[in-house]
Amino acid sequence: MNAPKLDYALLAPILIVLGGALIGVLVEAFLGRARRTGVQIGLALITVAAAFIQVIRIRHSGSSGAAVLSVSIDGAGIYIQGTILLLSLVGLLLIADTDNFTAQASAVPGSTQESAAIIAGKQQTEIFPLTLFAIAGMLLFPVATDLVTLFVALEMLSLPLYLMAGLSRRRRLLSQEAALKYFLLGAFSSAFFLMGSAFLYGYSGTLTLNGIASAIHTAGNNNIFLLLGIALLSVGLLFKVGAVPFHSWTPDVYQGAPTPITGFMAACTKAAAFGATLRIFYVALDGASWSWKPMIAVVAVITMFFGAIAAISQRDVKRMLAFSSIAHAGFILTAVVSLNNHALSAALFYFVAYGFATIGAFGIVTLVRDSAGEVGDLNRWVGLGKKSPLTAAIFGLFLLSFGGIPLTAGFIGKFAIFSAAYESGNIYLAVAGVLSSAVAIFFYLRVIVMLFFQDPTNDSVSVVIPSAMTRLAITICAIVTIVLGVFPSLILNATNTFALFTR
Amino acid sequence: MSFITVLGLLPLVGALAVAFLPKSNEKLTKQVALATSVVVALVSILMALKFNTSQGGFQFVESHQWIANFHINYAVGIDGIALTLILMTTILVPIVFLAGWNESEGGRWSVKTFYILLLILETMMIGVFAATDIFLFYVIFEAMLIPVYFLIGGYGRGARAAAAMKFLLYSLFGGLLMLAAVIGLYVISTNQIGGSFDLTQLSHLTIDKPTQNWLFLGFFIAFAIKAPLWPFHTWLPDAAKAGTAGTSTLLLGVLDKIGTYGMIRFCMTLFPDATKTFTPVIITLAVISILYGAFLAIGQKDINSLIAFTSISHFGFITLGIFAMTSQGISGAAFYMVNHGFSTAALFLVSGWMIKRRGSSQIADFGGLQRVSPVMAWSFFLAGMSALALPGLSSFVSEFLVLVGSFGKYPVAAILGTTGIVLAALYVLIVVQRTLHGETTPGNESLTDLNLREKIAIAPVIAILVVLGFFPKPVLHAINPTTAVIMQNVGVSDPVAKAGK
């Protein structure tokens, strides 16, 4: 038996990140605690940057057989990898503020052990290798082209996230609950994904996406195994992207997880999961679109309206952002239904626009604190515009971008996605998207009113002075949000060129 | 760079300059802002002088690629109607600055922020009338809500935050409907001519009737909210009451014109068939607006909401003129927009001074101002006369043109509209009588008259109202060729009176 041929240059971004993660584990084992944090931060940043450089270097090459038939490095794959790496880089800058993480994860919340660990200044620096493992999984997920590799990538990106969700320094119980919930529901959805894969294998006799596509072509698209497979696979994917009715974990996990992790997770997981979703539906299930298009379309419409309406009543900023992310998942799902290259290109743009605004917004959430730590309660954010005008203004900018106000990146993203939906003939999706945007704008504005038009009260919060890295991260996010709003051509050209799945 | 781009950039430069001034020196801030707006006004007048009034098409055209992937261009150009509206804007802004010299104080934020917001708004107001690329128009149309929102909410009176929110939500909702229509139009253009947002190119598309109707509605509802037309008007009185006199002037005088301007520029140009389909409905709405606005104005107790309701009535007239689709009607409506801008400015600014001096905006609190502050009282009187379209003042000319223009086609609407004039006399004369005439009521004895700054601010407005009343030719001269082009585009011509009729 011959060894499988691997195209190492094309796989290098994934391998670099995995390598960095392994070195990170070794650092944990062999380096003294005093220097660990600094080394881990540096290592993680360098690793992700190196992987990004490698992505840039291979941007014009590509192969559908980078690792036998399991990985296809193509335009869209390369672009999504690049996006994930850039978002991770900014996300890591937030994670680098280790004050957000527990001193000792294994200690029972509120125990003497825990306070001892805090006093001793302990740090769970494992978050950095864990983040790298998650990133490696995210890089693999959107380029994997067989169902087993997809599943492995899915687990690889999920497992570290389950753990990281439980590492919050404050409100430990909430954080642990979030982790457990995420893990249980995630495991459940993985089972659905696996079951779907089994049915598709039973139907087509192959695990590769191309094989399934040709099976649909030859064996017909009205087979109970195929339909069951599509349905179950969709459940797994819709869970990961946080679409209604598989969204219920999102607000709890977003709220409980350490805020920098929430930002990272919201931005990068969404890009990776949607990358894979788009690939599966565009490449493998294209021929059976009659069966899933109406379903996904309904899910998309419900998701965007549910997210927007549920967000209105939220009092916690992280929960509000969670519901907003659900609404955005609905918007991106329209790109899945549109099933054309413009929609793919629009989704690629959306990942960047949404991702940076999300990380930036959660970055600001980490700054708004009282003596007991972060304050999520929106009622205590009132008057922030008076106390810290710049912070409030930047947060307002991200909200406007989420809301899709012109001259922000979010507007261009919405415009691109809705026009692709219209173009594909799904006019109702474009109209639903526009109408739900109108609802969504209401709650973004509500927050802006609280920030700027109400006077600070006695128990209002204050903004801590951000660390240099947090400041850098938020600045980058704000700049990207504005620049892409005014000069979207800067990356629209790229999204157009790269919007391609090789089959 | 064409004239318009320069004109549009100037306020932005001024805003930048203001941004770098020290926060403590409020006087300098105001002076720089005023100087900027005066320069803008002068440049716009220069542009008007260079404008060739014998042409109907766009002039000073400029186009650059902006977002190539979506065929979006930075494309500007002005025709007669756009020119007059831009001129109105650039002349009103320095007047507003001068008139409301102190209204930026006591706001939620600094004086500096106030002027930066206003100057940014001026850039956008120029841009929105000059844009010939629909995407560009839409972007400015939506983006300009943000400065207005902060101007009302941050510097206004009373329940300012709530009013600002209501204004923003209504406008954004309309804007989003328009966005759906813009996207639809773009996709249709992609299928037919490879994608474009250029107004002229889009007007040559062939769109089937049902689609055209939907797209028309997307644009029209956005504009009807903006204008505002009954039943989309409820945000206006609140916003007008809450805004500072200057903000309300710009809001009703300029921003609301985007609605009626949009009806001419986009609804009629892009969807001529749908325009004809919906004309009866719109004419009905216009007449309802005229009467509803006038009736409610009579009953108002607050001066600002009175002005807001008179405006709803006047926007009814403008809409009636536009959709009568005769050359007199459209020209009259376009001229009406300009006159209404100045006449509302006069009303808001003078009533703003009255309210500031008296410390109340209730009509009942005033009385006998004629004796204590004659100049202020006379200014208010003239502004009121302009609102009721007294012959000799410019609004008379336009109201007359609108009614004459619509009578030929829609006699019932025109006759009902005429009763609006009678009601106008009522609502203006009642407020004039209560506030200005009679014995000076307690609390008004020590009101001071207009100072020099205020006199300088109001003088040009009144001069324009009078001069254009006697000599409307220059403006109509600029508007008429454009009207002809629009009518040709829609494919209508003036009804010819049959012999013996």
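The values are calculated or read from the model by the stated rules, or taken from the named source; none is laboratory data. If you're wondering where the values come from, they're calculated on a predicted model, not measured in any experiment. Cβ: placed from backbone, ideal geometry, glycine included. Neighbour counts: every protein chain shown.
Within region B:122-132, identify whether any single residue is away from chain A (no Cβ under 13 Å), modelled with pLDDT of 90 or more and more than 27 Å from B:Pro460 (Cβ to Cβ), and answer yes or no. Taking every residue of region B:122-132 in turn, at least one turns out to be away from chain A (no Cβ under 13 Å), modelled with pLDDT of 90 or more and more than 27 Å from B:Pro460 (Cβ to Cβ).
Condition check ((1) touching a residue at least 40 places away in the same chain (Cβ under 8 Å); (2) in a helix (DSSP H, G or I); (3) under 23 Å from B:Phe470 (Cα atoms)) across all residues:
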{"position": "B:Ala334", "(1), (2), (3)": "yes, yes, yes"}
{"position": "B:Val338", "(1), (2), (3)": "yes, yes, yes"}
{"position": "B:Gly341", "(1), (2), (3)": "yes, yes, yes"}
{"position": "B:Phe348", "(1), (2), (3)": "yes, yes, no"}
{"position": "B:Gly367", "(1), (2), (3)": "yes, no, no"}
{"position": "B:Gln370", "(1), (2), (3)": "yes, yes, no"}
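Does region A:214-224 contain any residue that is surrounded by 20 or more Cβ atoms within 10 Å (Cβ to Cβ) and within 20 Å of A:Ser289 (Cα to Cα)? Within region A:214-224 (the criterion being surrounded by 20 or more Cβ atoms within 10 Å (Cβ to Cβ) and within 20 Å of A:Ser289 (Cα to Cα)), the answer is yes, since at least one residue qualifies.
Just checking, which of A:Ala179, A:Ala144 is farther than 20 Å from A:Ala266 by Cβ and buried (at least 18 other Cβ atoms within 10 Å of the Cβ)? So the residue among A:Ala179, A:Ala144 that is farther than 20 Å from A:Ala266 by Cβ and buried (at least 18 other Cβ atoms within 10 Å of the Cβ) is A:Ala144. Only one entry in B:Ala99, B:Ala75, B:Ala82 is touching a strand residue (DSSP E or B) at 6+ places or on another chain (Cβ under 6 Å) and either β-branched (Val, Ile, Thr) or surrounded by 22 or more Cβ atoms within 10 Å (Cβ to Cβ) (or both), namely B:Ala75. Counted as qualifying within region B:1-120 are the helices (runs of 4 or more DSSP H) with 2 or more residues that are within 14 Å of another protein chain (Cβ to nearest Cβ), namely B:3-19.
Annotation for region A:92-114: at least one member residue is in contact (Cβ under 8 Å) with a residue 24 or more places away in the chain and closer than 18 Å to A:Gly19 by Cα. Just one of the listed residues (A:Ala191, A:Ala231) is part of a helix (DSSP H, G or I), over 22 Å from the mean Cα position of the chain (by Cα), at pLDDT 90 or above and within 25 Å of A:Met156 (Cβ to Cβ), namely A:Ala231. Here A:Gln314 meets each of (1) surrounded by fewer than 24 Cβ atoms within 10 Å (Cβ to Cβ); (2) of a type in the set (S, T, N, Q); (3) under 30 Å from A:Asn493 (Cα atoms) with one exception, condition (3). All conditions but one from (1) at pLDDT below 85; (2) in a helix (DSSP H, G or I) apply to A:Leu492; the one that does not is (1). For region B:266-283, state whether one or more residues are over 30 Å from B:Asp208 (Cα atoms) and either crowded, with 21+ Cβ neighbours inside 10 Å or not small (Gly, Ala, Ser) (or both). Scanning region B:266-283, I find no residue that is over 30 Å from B:Asp208 (Cα atoms) and either crowded, with 21+ Cβ neighbours inside 10 Å or not small (Gly, Ala, Ser) (or both), so the answer is no.
Is one or more of the residues making up region A:461-480 assigned to a helix (DSSP H, G or I), under 20 Å from A:Thr358 (Cβ atoms) and within 8 Å of another protein chain (Cβ to nearest Cβ)? No, there is no match, as no residue in region A:461-480 is assigned to a helix (DSSP H, G or I), under 20 Å from A:Thr358 (Cβ atoms) and within 8 Å of another protein chain (Cβ to nearest Cβ). Within region A:51-76, being surrounded by 17 or more Cβ atoms within 10 Å (Cβ to Cβ) and of a type in the set (A, V, I, L, M, F, W, C) holds for A:Ala51, A:Phe52, A:Val55, A:Ile58, A:Ala66, A:Ala67, A:Leu69, A:Val71, A:Ile73, A:Ala76.
Selection of helices (runs of 4 or more DSSP H) fully inside region B:214-298 by the criterion of at least 3 residues being at pLDDT 90 or above returns B:256-262. With region A:95-180 as the region, which helices (runs of 4 or more DSSP H) entirely inside it contain at least 1 residues that are under 21 Å from A:Trp249 (Cα atoms)? Once the helices (runs of 4 or more DSSP H) in region A:95-180 are filtered for at least 1 residues that are under 21 Å from A:Trp249 (Cα atoms), what remains is A:127-140, A:147-164.
When region A:324-380 is filtered for residues that are part of a strand (DSSP E or B) and in contact with a Lys or Arg (Cβ under 8 Å, 6 or more places away or on another chain), the ones remaining, listed by number, are A:Asp370, A:Gly373, A:Glu374, A:Asp377. Look at region A:484-496: where a residue is more than 8 Å from chain B (Cβ to nearest Cβ) and free of Cβ contacts under 8 Å to residues at least 24 places away in the same chain and a partner is crowded, with 18+ Cβ neighbours inside 10 Å and not basic (Lys, Arg), sitting 6+ places away or on another chain with Cβ atoms under 7 Å, you get A:Leu490/A:Leu484. The requirement of being within 14 Å of another protein chain (Cβ to nearest Cβ), free of Cβ contacts under 8 Å to residues at least 24 places away in the same chain and either farther than 28 Å from A:Asn341 by Cα or hydrophobic (A, V, I, L, M, F, W, C) (or both) is not satisfied by A:Phe402.
The residue of region B:172-183 that is farthest from B:Leu215 (Cα to Cα), among those that are under 20 Å from the mean Cα position of the chain (by Cα) and facing chain A (nearest Cβ under 7 Å), is B:Leu172. Residues in region A:212-249 that are closer than 18 Å to A:Ala187 by Cα and β-branched (Val, Ile, Thr): A:Val235, A:Val241, A:Val244. Of all residues in region B:18-50, exactly one satisfies the criterion of being crowded, with 20+ Cβ neighbours inside 10 Å and over 29 Å from A:Val486 (Cα atoms), namely B:Lys30.
Tell me which of these B:Leu169 doesn't satisfy, since it passes every other one: (1) at pLDDT below 90; (2) touching a Gly at 6+ places or on another chain (Cβ under 8 Å); (3) within 11 Å of another protein chain (Cβ to nearest Cβ); (4) part of a helix (DSSP H, G or I). All conditions are met except number (2). Within region A:436-447, the residues that satisfy the criterion of being touching a residue at least 24 places away in the same chain (Cβ under 8 Å) and at the interface with chain B (Cβ under 7 Å from one of its Cβ atoms) are A:Ser437, A:Ile441, A:Phe442, A:Leu445. Determine whether region B:184-203 contains at least one residue that is under 30 Å from B:Thr113 (Cα atoms), of a type in the set (Gly, Ala, Ser), within 11 Å of chain A (Cβ to nearest Cβ) and not in a loop (DSSP other than H, G, I, E, B). No, because not a single residue in region B:184-203 is under 30 Å from B:Thr113 (Cα atoms), of a type in the set (Gly, Ala, Ser), within 11 Å of chain A (Cβ to nearest Cβ) and not in a loop (DSSP other than H, G, I, E, B). In summary, B:Gln433 fulfils each of the numbered conditions (1) out of contact with any helix residue (DSSP H, G or I) (no Cβ under 8 Å at 6 or more places or on another chain); (2) buried (at least 16 other Cβ atoms within 10 Å of the Cβ) with the single exception of condition (2).
The condition of being at the interface with chain B (Cβ under 8 Å from one of its Cβ atoms), under 23 Å from B:Phe167 (Cα atoms) and among the hydrophobic types (A, V, I, L, M, F, W, C) holds for only one of A:Leu407, A:Leu451, that being A:Leu407.
On the given criteria, is A:Gly307 within 24 Å of B:Leu176 (Cα to Cα) and either away from chain B (no Cβ under 14 Å) or among the small types (Gly, Ala, Ser) (or both)? So A:Gly307 fits the description; yes. Scanning region A:376-390 for residues that are buried (at least 19 other Cβ atoms within 10 Å of the Cβ) and polar (S, T, N, Q) yields a single hit, A:Ser388.
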